[in-house]
Amino acid sequence: MKTRAQSRRTFLRQAGGGLSFALVFGPAGLAARRAGSPDTLDALMGADGPDGAAEHPFGAWVRIATDGRVLIYNPASEMGQGSMTALPVILAEEMDADWDKVRIEHSPVEPGVYGRSWGGGRGRGGSMMTAGSMAVRGYYLSLRLAGAQIRRVLLDNVAREWGVAAGELTTEPGVVVHAASGRRITYGEVAAFAEVPDELPEVSEAELKSPADFRLIGHSVPRHDVPAKTDGSAVYALDVQVPGMLYGVITRAPVHEASPASFNEAEVRGRPGVVGTVRLDYGVGVVAETVEEAFAARDALEIEWAGGARAEGFDSVAALEAYTGIADGESRGRPLSERGDVAAAMGAAANRYRADYFNDYVYHAQMEPLGAVASVNPTGDGAEVWAGTQAPDMARAAVARELGVAVEKVTFHPCYLGGGLGRRTMADYIVEAVKLSRSVRRPVKLIWTREDDLQYGAFRPMSLQRLTGGVDAGGTLTAWTHTVVGDGRGLLASGISIRYYDIPNQRIEMRGASHGVRTKHWRAVGHGPNKFAIEAFIDDIARGEGTDPVALRRKLLKGSPRAIAVLDEVAEMARWGEEPPGGRARGVAFVERSGTLAAGVAEISLDEATGKIRVHRFWCAADGGMVVQPRNARAQIEGGIVNGLSTALVERLTVRDGRVEQSNFHDYPILRMSDMPDIEVRFMPSTEPPMGLGEPGVPVAAGAVANAFAALTGRPLRHMPFTPNRVLEVLTG
């Protein structure tokens with residue numbers, strides 16, 4: 001007897017031959033009409049809230065129920081970083097909502113209404129991608145203005161109803177107050193008679209609250225997503241069940257860019273439960289009635305592969321070693337930044353320094369393997385999709401392109417993500433589910449295994465960083481060059497700037513390679529390897545000049561008082577200058593990422609017999625402007641540090657004969673709980689607009705650890721990760 005795989009959750013249930021998603025995705029997931037059309041909000045919400053109270057739209061972002069509850073739409077993907085709480089907090093602050101009565105749902109996937117600008121300005125529309133630590137800083141001003149507009153509408157309606165001037169009214173959480181008469185009215189009561197204009201009244205930035213009056217922003221509130229993730233009711237794509245659903249798996253090319261020349265199609269189609277097979281440009285998909293039947297059929301595939309000429313025979317270890325030859329070449333690379341006269345300054349330098357730094361490929365290792373559910377309609381001219389993605393608008397558009405239809409023909413239901421780290425800005429796994437569903441004209445749940453994702457992932461590129469520096473007779477660093485070599489184009493350039501360091505003559509350039517291996521943004525993009533190289537090199541120079549590393553950085557940061565304050569703060573936290581406990585040493589690093597200035601100090605010890613580095617403590621100070629949710633922001637910095645330490649110490653992906661050598665966490669290790677240091681994070685007080693906090697912890701980690709190792713042993717670490725074997729080679733070399 002065939003058995004269907006059941007969801008781990010009980011939140012979605014089949015009942016009476018149908019399926020209700022209202023409690024899971026919210027009404028925003030039931031219709032993907034263009035927001036702003038006359039029936040959009042009513043169609044999305046219906047007339048009533050979840051407990052029968054009538055709900056009324058106040059613009060595109062908010063609905064207020066007659067019982068006083070407030071629904072706020074969240075436009076950002078929730079992948080554990082807390083955006084689904086932080087963004088509604090911003091809006092709720094300005095509208096003076098009672099947070100205890102706020103509920104939150106995913107917004108419709110309509111970038112023209114719910115998108116944000118990369119610059120974080122007041123204009124609506126743009127990208128809905130959650131990446132680059134852009135969620136809070138990208139929506140901060142526009143959500144504050146939206147909240148203030150809603151508050152204005154509430155006040156105007158009460159003023160008209162009571163026959164008083166709007167200027168006589170104030171608000172408290174969820175209540176409009178007329179102090180002169182002592183009258184009070186709840187937002188729910190206002191919603192029952194409110195007239196909301198099609199265009200909400202304009203509000204200037206000058207009318208927004210003073211930070212001194214914030215009661216939500218800057219004050220931690222409970223995370224919206226935590227209860228559901230704790231009790232198991234949170235819905236991820238692989239939890240979704242729809243009537244008539246099949247299961248799909250894919251064998252993808254073992255060598256990137258290869259394609260299936262032939263396969264045993266008839267044999268596989270004849271296997272139990274198999275509904276169909278699909279030939280893709282880079283693999284073969286199997287669709288079956290059950291998960292077990294799908295994987296069994298995939299195991300039976302016999303595929304002849306062709307192509308993959310660039311990656312065939314590729315050896316990442318040998319290629320990385322060959323990067324030194326590219327860096328040695330006389331042809332100059334593509335300049336990324338150039339200032340002053342580097343040649344003259346280097347020629348006049350009293351001391352010159354040079355070092356090469358390396359890093360290997362890194363896999364995203366997000367907690368949740370990839371997957372999506374797609375249902376292409378019988379005529380093939382529309383689809384419904386459930387997926388966790390960092391870019392729902394881009395994914396929806398990609399599905400529409402695949403089907404050759406207008407984007408309005410695609411209904412997209414965002415789900416929770418079990419981590420993203422940049423991998424889920426890609427829509428490949430979602431489009432795959434659509435292709436499988438189209439082939440059988442039934443809903444299909446596509447499942448990637450961990451092995452699938454490692455073999456056919458898209459990795460942070462490996463690279464070489466060559467740095468040179470020149471110090472004049474007065475001990476001033478006057479010349480700087482940085483050449484990055486690798487296959488990743490713009491992925492390599494992130495974080496290579498040294499604009500906060502005052503070095504008058506500098507040249508930064510890129511020299512490309514081409515391997516046919518898929519690469520992609522990884523948390524903090526190129527900041528991880530680039531800042532490791534830059535910060536380790538700064539310490540190289542400090543040791544060569546007999547200068548304290550913090551003192552050298554203070555000198556280089558003289559043009560940025562905020563940066564110096566961050567550096568001084570972390571030095572105070574770590575008691576820089578005091579002798580660490582026996583057998584330990586400390587190292588420092590400074591970075592800028594996503595507008596946030598961060599400095600970190602690592603305290604390490606070394607087992608010289610095994611070569612294992614142990615990080616005991618890590619201190620971090622950060623200036624990211626106004627911190628909207630302090631507790632969650634601290635967790636973001638801590639998580640970034642953990643990711644940074646993991647890639648600095650253990651994470652390494654290699655390719656041999658064009659094939660990824662690692663297959664799962666037994667041979668692609670990540671840092672374990674037993675290896676975690678004590679982490680202390682402090683934020684600099686600020687009323688400036690918020691900057692990104694999701695990524696600065698990553699690049700600060702490796703440089704601080706490498707510099708602590710050099711302080712402990714007198715020897716530099718220049719190849720990340722700092723595995724025990726590499727450490728032993730350095731110690732004996």
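The values are calculated or read from the model by the stated rules, or taken from the named source; none is laboratory data. Just so you know, these numbers come straight off a predicted model, no measurement behind them. Please note: Cβ atoms are built from the backbone with ideal geometry, for glycine as well, and neighbour counts cover all protein chains shown. Note: accessible area is taken over every heavy atom of the protein model, side chains too, but ligands, DNA and RNA are not part of it. Shrake-Rupley method; radii C 1.70, N 1.55, O 1.52, S 1.80 Å.
Summary of values
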read-out: Filter pass, Gly474 being open to solvent by 10 Å² or more (accessible area, probe 1.4 Å), in the same structural domain as Tyr357 (by TED's automatic domain parsing) and within 18 Å of the chain's Cα centre (by Cα); value: no
read-out: Matching residues in segment 488-524 - criterion: being within 24 Å of the chain's Cα centre (by Cα) and over 19 Å from Arg334 (Cα atoms); value: Val517, Arg518, Thr519, Lys520, His521, Trp522, Arg523, Ala524
read-out: Any hit, segment 395-411, residues being out of contact with any Lys or Arg (no Cβ under 7 Å at 6 or more places or on another chain), under 18 Å from Met79 (Cα atoms) and of a type outside the set (D, E, K, R); value: yes
read-out: Test: residue in segment 191-203 that is within 18 Å of Leu91 (Cβ to Cβ), open to solvent by less than 20 Å² (accessible area, probe 1.4 Å) and in a loop (DSSP other than H, G, I, E, B); value: yes
read-out: Selection count where residues are over 21 Å from the mean Cα position of the chain (by Cα) and without any contact (Cβ under 8 Å) to a residue 60 or more places away in the chain, scope segment 608-649; value: 1
read-out: Positions within segment 699-723 being surrounded by 17 or more Cβ atoms within 10 Å (Cβ to Cβ) and over 14 Å from Ile534 (Cβ atoms), in sequence order; value: Val705, Ala708, Phe709, Ala710, Ala711, Leu712, Leu717, His719, Pro721, Phe722, Thr723
read-out: Qualifying position, being among the hydrophobic types (A, V, I, L, M, F, W, C) and open to solvent by 30 Å² or more (accessible area, probe 1.4 Å), among Ala542, Ala565; value: Ala565
read-out: Filter result (part of a helix (DSSP H, G or I) and over 30 Å from the mean Cα position of the chain (by Cα)) within segment 541-568; value: Ile541, Ala542, Arg543, Gly544, Glu545, Pro549, Val550, Ala551, Leu552, Arg554, Lys555, Leu556
read-out: Segments classed as strands (runs of 3 or more DSSP E), wholly inside segment 18-93, with at least 2 members that are within 14 Å of His224 (Cβ to Cβ) and at pLDDT 65 or above; value: 70-74
read-out: Qualifying residues in segment 214-264 (those that are under 22 Å from Val440 (Cβ atoms) and in a loop (DSSP other than H, G, I, E, B)) - the one most open to solvent (accessible area, probe 1.4 Å); value: Pro243
read-out: So Ala165, is it out of contact with any Ser or Thr (no Cβ under 9 Å at 6 or more places or on another chain) and at pLDDT 95 or above; value: yes
read-out: Tally of residues being assigned to a loop (DSSP other than H, G, I, E, B) and modelled with pLDDT of 95 or more across segment 290-308; value: 4
read-out: Residue identified as small (Gly, Ala, Ser), at pLDDT 95 or above and at negative phi among Ser117, Ser107; value: Ser107
read-out: So Ser686, is it under 25 Å from Leu143 (Cβ atoms) and of a type in the set (S, T, N, Q); value: yes
read-out: Residue match in segment 506-522 (condition: surrounded by fewer than 20 Cβ atoms within 10 Å (Cβ to Cβ), in the same structural domain as Gly470 (by TED's automatic domain parsing) and without any contact (Cβ under 8 Å) to a residue 60 or more places away in the chain); value: no
read-out: Among the candidates Ala536, Ala574, residue that is over 14 Å from Cys620 (Cβ atoms) and in contact (Cβ under 8 Å) with a residue 24 or more places away in the chain; value: Ala536
read-out: Positions within segment 303-318 being surrounded by fewer than 16 Cβ atoms within 10 Å (Cβ to Cβ) and either in the same structural domain as Leu653 (by TED's automatic domain parsing) or not β-branched (Val, Ile, Thr) (or both), in sequence order; value: Glu304, Ala306, Ala309, Gly313, Asp315, Ala318
read-out: Helices (runs of 4 or more DSSP H) contained in segment 363-458 and holding at least 2 residues without any contact (Cβ under 8 Å) to a residue 24 or more places away in the chain and surrounded by fewer than 22 Cβ atoms within 10 Å (Cβ to Cβ); value: 392-403
read-out: Residue under evaluation Glu267, criteria (1) over 27 Å from Arg518 (Cβ atoms); (2) within 34 Å of the chain's Cα centre (by Cα); (3) open to solvent by 80 Å² or more (accessible area, probe 1.4 Å), criterion not met; value: (2)
read-out: Residue selected from segment 91-106 under the condition surrounded by 24 or more Cβ atoms within 10 Å (Cβ to Cβ) and not charged (D, E, K, R), by the criterion nearest to the chain's Cα centre (by Cα); value: Leu91
read-out: Long-range neighbours under 9 Å by Cβ, at least six apart or interchain, first residue outside the structural domain of Asp156 (by TED's automatic domain parsing) and open to solvent by 20 Å² or more (accessible area, probe 1.4 Å) within segment 169-185, second among the polar types (S, T, N, Q) and not in a strand (DSSP E or B); value: none
read-out: Some residue of segment 526-538 being at pLDDT 95 or above, surrounded by fewer than 21 Cβ atoms within 10 Å (Cβ to Cβ) and assigned to a loop (DSSP other than H, G, I, E, B); value: no
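Yes or no, residue by residue, for (1) among the polar types (S, T, N, Q); (2) part of a strand (DSSP E or B); (3) buried (at least 21 other Cβ atoms within 10 Å of the Cβ); (4) at negative phi:
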{"site": "Gly582", "(1), (2), (3), (4)": "no, no, no, yes"}
{"site": "Leu597", "(1), (2), (3), (4)": "no, yes, yes, yes"}
{"site": "Gly600", "(1), (2), (3), (4)": "no, yes, yes, yes"}
{"site": "Ala609", "(1), (2), (3), (4)": "no, no, no, yes"}
{"site": "Ala633", "(1), (2), (3), (4)": "no, no, yes, yes"}
